[in-house]
Amino acid sequence: MFPRAALLVTVLAALPATYAFWIFGGTQPLVTTRLDSIVSPGIVSTHVHSVVGGSRFQASYDYNDLSSSQCSTISVQEDRSNYWAPQLYYHDQNANTFTPIPTSFNIYYLQRPGPANERVQAFPTGLRMLAGNPLRRTNNASNFEDQAISFHCLDSQDHTGDPAWDERPDFFQHQCPDAMRAQVFFPTCWDGNNLDSADHKSHMAYPIQNYNGGDCPASHPVHLVSLFYEMFVSVDQFPYAPGNWVFSFGDTTGLGMHADFQDGWTDKGLLQTALDQCTEANGADGDVSACTVLQPYINRDFATACKPEMTIPNENVGFTGTLNSLPGCNLIWSDTSPKPTCNPNPPTPGFVSVKTPLPSGWAEVGCTVEGTNGRALTGASTTSPTMTKAECANFCAADGFPYAGVEYGDECYCGQSFSNGASSNTVGWQECSTTCAGNPNEDCGGPNRLTLLYNPSV
Ligand SMILES: *[C@@H]1O[C@H](CO)[C@@H](O)[C@H](O)[C@H]1NC(C)=O
């Protein structure tokens, strides 16, 4: 989807190439929703986030829950951590509508021992942390915390030496023809005791010499692997005008960019072994598949097919219809005055299962294969722009069919039995990964694949 090779080149230029690193590149969001299990545990959070990683992301969870995720949108499936950042929206200022801008992530694991050459450590089990600040309105160029947040504008033309195109702490004043990256470098030094702290920051610190490398201070002596996110947003898919880019919390400056991390690696020994063995000498210069320790755990089909498992706030965040306002209380906020408030506050949505519940009596059999020379289910069929598994089950039940199969996102087939050599034998779940037309968080079959549903009492 994105020119990954080109992305890597720009980053290699910005980072010293003397240390090993790998990238979980092109990682797709698991879910886009108004949750933040670190800052707003158990409740609807103040603004919408784009979340990648383990499929059990939810309002509140612990490491054991997260690490039991069915899958991860990270290619290495043993990494069931969650990584998230605020969703960027396109604001059509004439129509006053908001559209989520397509987003993906490059997650970097960088080995950056300081001059003292400490051994770079895996994340302690269950570590949580936050970088950046949604309320930030100014930039302090000598502060590591501020330096750790930056934007990069991508174009096929070379703009070297043009200050309007330099990496900067806030949004560009022009279009980014090949998309924009919002970048966050996390603090890498850990206090050795606390997996979290009240501000989700003070158990971590930036190194002494630099935000992105150096020795750890005595207060935070444990040098962890350095974490760096590039949130890749396809701003080029929308017309540019000042103010057209707005973060989910109302910010049109970009200064409030921030990001969260919740560790969910299932096997800390694996991550530590990778850090110890996947050195630059062993070819680990960004390409995770060159790390022979992690390579056996890469499953890109699982990563692409991975969908969320849990509950989310019951609201449209822009994928099932145009928004007239940002979800939550997030009015446009473009200056240094306090964040605008709402009167009255918009109502807080309840929680719903990410998957539309099936009607009573129906159960999901799994992913099955179409007939060889005709349809597997030949009783009745329909297509719908609001298709879900539940909608298909209801359609087939109304016509008296016990089998229902959804295919390729919006197609529904019904039958009394299987035709054309098909059967209820299932294949790998990842083969049925086309997103349902009516629910962005649910799978409805695939090409030549039916997600099969059955109700024995129809
Ligand atoms: C900017 O950051 C530096 C380093 O953290 C700090 O010493 C200084 O006081 C900050 N300046 C302002 C105006 O906040």
May I ask you to list the residues in segment 115-148 that are in a loop (DSSP other than H, G, I, E, B), within 16 Å of the ligand (Cβ to nearest atom) and buried (at least 20 other Cβ atoms within 10 Å of the Cβ)? Arg136, Ala148
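For Asn94, indicate whether it is in a strand (DSSP E or B), assigned by TED's automatic domain parsing to the domain that holds Met231 and away from the ligand (no atom under 16 Å from the Cβ). Explain how you work it out, then say what you get.
Working: in a strand (DSSP E or B): no; assigned by TED's automatic domain parsing to the domain that holds Met231: yes; away from the ligand (no atom under 16 Å from the Cβ): yes.
So Asn94 does not fit the description; no.
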Gly409 fails exactly one of the following numbered conditions: (1) in contact with a Leu (Cβ under 8 Å, 6 or more places away or on another chain); (2) open to solvent by less than 40 Å² (accessible area, probe 1.4 Å); (3) in contact (Cβ under 8 Å) with a residue 24 or more places away in the chain. What is the number of that condition? (1)
Can you name the condition, by its number, that Pro296 falls short on among (1) exposed (fewer than 14 other Cβ atoms within 10 Å of the Cβ); (2) over 24 Å from the mean Cα position of the chain (by Cα)? (2)
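Specify which of the listed residues (Leu358, Leu331, Leu326) is surrounded by fewer than 16 Cβ atoms within 10 Å (Cβ to Cβ), in a loop (DSSP other than H, G, I, E, B) and either more than 26 Å from the chain's Cα centre (by Cα) or not β-branched (Val, Ile, Thr) (or both).
Details: Leu358 fails: surrounded by fewer than 16 Cβ atoms within 10 Å (Cβ to Cβ); Leu326 fails: surrounded by fewer than 16 Cβ atoms within 10 Å (Cβ to Cβ).
The match here is Leu331.
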Across segment 188-209, what is the number of residues that are closer than 21 Å to Met257 by Cα, part of a loop (DSSP other than H, G, I, E, B) and touching a Leu at 6+ places or on another chain (Cβ under 9 Å)? 6
Search result, residues across segment 387-401 that are open to solvent by less than 80 Å² (accessible area, probe 1.4 Å) and assigned to a loop (DSSP other than H, G, I, E, B): Met387, Thr388, Gly400, Phe401
Within segment 243-292, restricting to residues that are open to solvent by 10 Å² or more (accessible area, probe 1.4 Å), farther than 24 Å from Tyr61 by Cβ and acidic (Asp, Glu), the one that is modelled with the highest pLDDT is Asp276
Residue ID - nearest to the ligand (Cβ to nearest atom), chosen from residues in segment 149-164 that are in a strand (DSSP E or B) and of a type outside the set (Gly, Ala, Ser): Ile149
Kindly establish whether Ala205 is more than 23 Å from Gly25 (Cα to Cα), away from the ligand (no atom under 16 Å from the Cβ), open to solvent by less than 50 Å² (accessible area, probe 1.4 Å) and among the aliphatic types (A, V, I, L, M). no
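For segment 184-202, what are the residues that are buried (at least 22 other Cβ atoms within 10 Å of the Cβ) and either among the hydroxyl-bearing types (Ser, Thr, Tyr) or touching a His at 6+ places or on another chain (Cβ under 9 Å) (or both)?
Taking segment 184-202 as the starting set, the residues that turn out to be buried (at least 22 other Cβ atoms within 10 Å of the Cβ) are 184-190.
If the condition is that a residue be buried (at least 22 other Cβ atoms within 10 Å of the Cβ) and either among the hydroxyl-bearing types (Ser, Thr, Tyr) or touching a His at 6+ places or on another chain (Cβ under 9 Å) (or both), then Val184, Pro187, Thr188, Cys189, Trp190 are the ones that fit.
The values are calculated or read from the model by the stated rules, or taken from the named source; none is laboratory data. Just so we're clear, the structure is a prediction, and the values are computed from it rather than from any experiment. Glycine gets a Cβ as well: all are built from the backbone with ideal geometry, and neighbour counts include every protein chain shown. All accessible areas refer to the heavy atoms of the entire protein, side chains included, with ligands and DNA or RNA removed. Shrake-Rupley method; radii C 1.70, N 1.55, O 1.52, S 1.80 Å.
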